[in-house]
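The values are calculated or read from the model by the stated rules, or taken from the named source; none is laboratory data. Everything quoted here is computed from the prediction, not taken from an experiment. Backbone-built Cβ (ideal geometry, glycine too); neighbour counts: all protein chains shown. Calculation scope for accessible area: heavy atoms of the full protein, side chains included, ligands and nucleic acids excluded. Shrake-Rupley method; radii C 1.70, N 1.55, O 1.52, S 1.80 Å.
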Amino acid sequence: MAAIRDELPDTPVVAYSAKYASAFYGPFREAADSTPAFGDRRGYQMDPANVREALRECELDLEEGADAIMIKPALPYLDVIRAARESFDVPVAAYNVSGEYAMVKAAAQAGWLDEERIMMEVLTAIRRAGADLIITYFAREAARLLERQRFAPGL
């Protein structure tokens with residue numbers, strides 16, 4: 001992080017501070033053909049049970065010059081987003097990853113839930129947990145829905 005800050009002194013930097021070892025990355029890895037040929041990524045991704053490590057990593061990134069911190073994935077780590085929000089006075093980003101998106105899409109396609117409503121519930125939960133920024137595959141759909149609601153409240 002410090003080397004990036006040194007090279008880009010006037011550029012805002014969001015640090016991948018808390019990237020958990022998660023099965024929620026599966027759809028992206030499959031689409032990008034980036035699954036490990038051997039082993040896994042748990043050696044450099046965080047243990048899902050460890051919140052304190054995430055906060056230490058956030059703190060280290062901020063000490064090295066990060067302007068914002070990111071928690072990834074978002075939904076199973078809403079508590080970590082909340083802990084980061086309460087611990088640091090910087091923007092907190094949350095990455096709503098491909099597996100979280102795929103779950104909603106698959107359930108909606110099967111007719112098990114209302115896709116627009118659950119999409120907004122998911123994004124609202126992430127925001128309510130304390131995320132200032134949400135990176136999501138739902139971005140275009142959410143923007144369209146919010147624009148529609150702006151001009152036709154109650155939809």
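Identify all residues within the stretch 98-135 that are outside any helix (DSSP H, G or I), open to solvent by 20 Å² or more (accessible area, probe 1.4 Å) and touching a residue at least 12 places away in the same chain (Cβ under 8 Å); write none if there are none.
D132, L133, I134, I135, listed by residue number.
Within the set of pairs 6+ apart or on separate chains, which have a first residue in the stretch 1-25 that is at pLDDT below 85 and open to solvent by 20 Å² or more (accessible area, probe 1.4 Å), a second that is part of a loop (DSSP other than H, G, I, E, B) and among the β-branched types (V, I, T), and C-beta atoms under 7 Å apart?
That search, which allows pairs on different chains as well, returns I4/V13; R5/V13.
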